[in-house]
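One structure is given below, encoded as structure tokens.
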Amino acid sequence: MASSDATTFFSRADKYLMSTGVPYSPVIITKAKGTRLYDANNRQILDFTSGQMSSLLGHSHPEIVEIIQKHAAELDHLLSNMITHPVVDLAERLARFLPAPLEKSFFLNTGSESIEAAIKMAKCYTGNFEIVAFAASYHGLTQGAGSATYSAGRRKGGPAMPGQLAFPAPYAYRSPFRKSDGSYDWETELEFGWSMIDRQSVGSLAAFIMEPILSTGGVLDFPAGYLQRMSLECKKRDMLLIMDEAQTGVGRTGRLFAFEHDDVVPDILALSKTLGCGLPLACVSTTTEIERGCKEAGFLWLTTHLNDPLTAAVGNKVLEIVERDHICERAIDRGDQLRRGLLKLQEKYWCIGDVRGRGLLQGIEIISDPQTKAPGPELGQAVSEQAMARGLSCNIVNLPGMGGVFRLAPPVTVSAEEIEEGLRILDEAFVHVLSETTA
């Protein structure tokens, strides 16, 4: 697109689109296919964020396109109490994949909506109202989900929901909790966190909501044994454990659900993003016992697009492809390749302070000083911009108290050659930015 056309486009955008606090990308995308984005000049950009961390099987997967076309023509949307074959088929297939005793599901649109529903279920079932979440959490920005979000978006929104309690996030790279040998002392940190919760609680603990990898919070993954210990602590307090697998679910980390890495089963599971492969589909799954308790308490959840057939058909096809095409195994293989490449980059560039993550959700933290680990968000932003200029889209999270953290999450259908291409572009971007800062 000529510069004058781009100028006109962004002028129209500024005039008619309301700002939501998210800066526009300078790139105008006109097409997305597989792992590639295409701008107005037909320049190819390798997508290492899977759209909004959602397009698990790549953009415009032909079988997904076929399902959308079929149901758009035949069965798209109905009155919310009209249950259809696609909805029951998806619930049945999902139940086959879920570990016992999870087996009951219903379907919504967005991650935030699934979190709202999960929180309300926990309150209905327990009769309590206090919700605990990590200090680096991101669960959405609607009222309940936003109240349980501590990484961003809390300012100027008025009072949060009553009973919101923050728990220290497991941030191994920066945690002040250390053993005598300097290693991360997560056990002491966890005990400290629960001591603070027990002091703050008014005796109405309903649930702990968490991501198995805190993605927006900086790709913070749990140490071995952490999740099992958290599950036990929740049980001690008669709290439910809600798992938000918006970005980690449906195979991205190498297991169908990331909580399976630690042999823990939550009481309520919220899926979104990856389940719809870019379409607005979310899910809440729980046990028969919790469903019974919610029903007795008068739980109500009704939305315009509750259990819609078109998106349910898409989710059913996504799960079929994930199983048939061994997506979990692909995530392990390509994730190992990506991680090895990132560790090599860490050896080359002093500004890469940490590499972390699982499967095809990897993070690299950028610092400005290797001795002090001082955050380097400006440096990270410059690398991100250079990567985009060279044909790689990779998201960087800049939050107070941490370095700039790249979230690298390409579609699981990415090829080995494309992983190497992305690593090469990142390498070139680091070379360019660091040569400029030392010139």
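For the full complex of protein chains and a 1.4 angstrom probe, list PHE167, PHE97, PHE129 by accessible area with the highest value first. Can you show the working numbers first?
Numbers: PHE167 0, PHE97 40, PHE129 85 Å².
From most exposed to least exposed: PHE129, PHE97, PHE167.
Find which of TYR184, HIS139, PHE106 sits farthest along the positive direction of the dipole of region 105-202, computed with +1 on the beta-carbon of Lys and Arg, -1 on that of Asp and Glu, about the Cα centre.
HIS139
Whose amide H sits under 5 Å from the amide H of PHE167, counting only residues 5 or more places off or on another chain, with H placed in the peptide plane?
ALA133, PHE134, ALA135
Ignoring ligands, DNA and RNA, what percent of the accessible area of region 75-325 is carbon or sulfur (1.4 Å)?
Answer for region 75-325 is 55 percent, counting heavy atoms of protein chains only.
Excluding residues on the same chain fewer than 8 positions from LYS123, give the lysines whose Cα lies under 16 Å from its Cα.
Straight-line reach from LYS123, under 16 Å: LYS235, LYS295.
Take the chain, connect every pair of alpha-carbon atoms lying under 10 Å apart with a spring to form a Gaussian network, then pick out the residue of GLY127, GLY353, GLY217 with the largest mean-square fluctuation.
Of the options given, GLY127 has the highest mean-square fluctuation.
Which lysines have a Cα less than 21 Å from the Cα of LYS273, not counting those fewer than 8 places away in the same chain?
Filter leaves LYS31, LYS33, LYS104, LYS120, LYS317.
Give a quick list of chymotrypsin sites (Phe, Trp or Tyr not before Pro) in region 340-439 that DSSP marks as loop, anything other than H, G, I, E or B, with at most 14 other Cβ atoms within 10 Å.
Counting only loop positions with at most 14 other Cβ atoms within 10 Å, the chymotrypsin sites (Phe, Trp or Tyr not before Pro) in region 340-439 are TRP350.
So which GluC sites (Glu not before Pro) in region 88-144 end up in coil per DSSP with only 14 or fewer other C-beta atoms within 10 Å? Display every interim value, and only then the final one.
Numbers: sites: GLU92, GLU103, GLU113, GLU116, GLU130; in loops: none.
Hits after loop and neighbour filter: nothing returned.
Identify, among VAL22, VAL314, GLY404, the residue whose Cα sits farthest towards the positive end of the charge dipole of the chain, taking +1 on the Cβ of Lys and Arg and -1 on the Cβ of Asp and Glu, with the dipole about the Cα centre.
Comparing the listed Cα positions along the dipole, VAL22 ranks first.
Send over a whole-number figure in Å² for the accessible area per residue of region 150-285, probe 1.4 Å.
Heavy-atom SASA per residue in region 150-285 reads 37 Å².
Given Cβ point charges of +1 (Lys, Arg) and -1 (Asp, Glu) and nothing else, what value in debye, to the nearest 20, does the dipole of the chain about its Cα centre take?
Values: 42 positive and 53 negative charges, 127 e Å.
With Lys and Arg at +1 and Asp and Glu at -1, about 620 debye.
Per-residue HN-Hα couplings for region 190-204, Karplus 6.51 cos²θ - 1.76 cosθ + 1.60 at θ = phi - 60°, whole Hz, x for Gly and Pro?
5, 5, 4, x, 5, 5, 5, 4, 5, 6, 7, 4, 9, x, 9
For LYS31, what accessible surface area do you get with a 1.4 Å probe? Give it in Å², rounded to 10.
Here the residue's solvent-accessible area equals roughly 110 Å².
Are there chymotrypsin sites (Phe, Trp or Tyr not before Pro) in region 200-295 that DSSP puts in a loop and that have at most 12 other Cβ atoms within 10 Å, and which ones?
Numbers: sites: PHE208, TYR226, PHE257, PHE259; in loops: PHE257.
Sites meeting the loop and neighbour criteria: none at all.
Counting each DSSP H run of 4 or more residues in the chain as -39500 (n - 2.57), what helix-only mean residue ellipticity at 222 nm follows after dividing by all residues, to the nearest 500 deg cm²/dmol?
After summing the helix terms and dividing by residue count, I get -12500 deg cm²/dmol.
LYS179: which lysines have alpha carbons under 26 Å from its alpha carbon, excluding same-chain residues fewer than 8 sequence positions away?
By straight Cα distance, LYS179 reaches LYS373.
For the chain, what is the convex hull volume of its Cα atoms per residue in Å³?
Once divided by residue count, the hull of the chain is 159 Å³.
By the gyration tensor of its Cα atoms, with a ≥ b ≥ c the square roots of the eigenvalues, what is the shape of region 1-160: rounded for a/c under 1.5, prolate for a/b over b/c, or oblate?
Oblate.
The values are calculated or read from the model by the stated rules, or taken from the named source; none is laboratory data. Remember, it's a predicted structure, so these values are computed and weren't measured experimentally. Heads up, the Cβs are rebuilt from the backbone with ideal geometry, glycines too, and the neighbour counts pull from every protein chain shown. Accessible surface areas use protein heavy atoms only, side chains included; no ligands, DNA or RNA. Shrake-Rupley method; radii C 1.70, N 1.55, O 1.52, S 1.80 Å.
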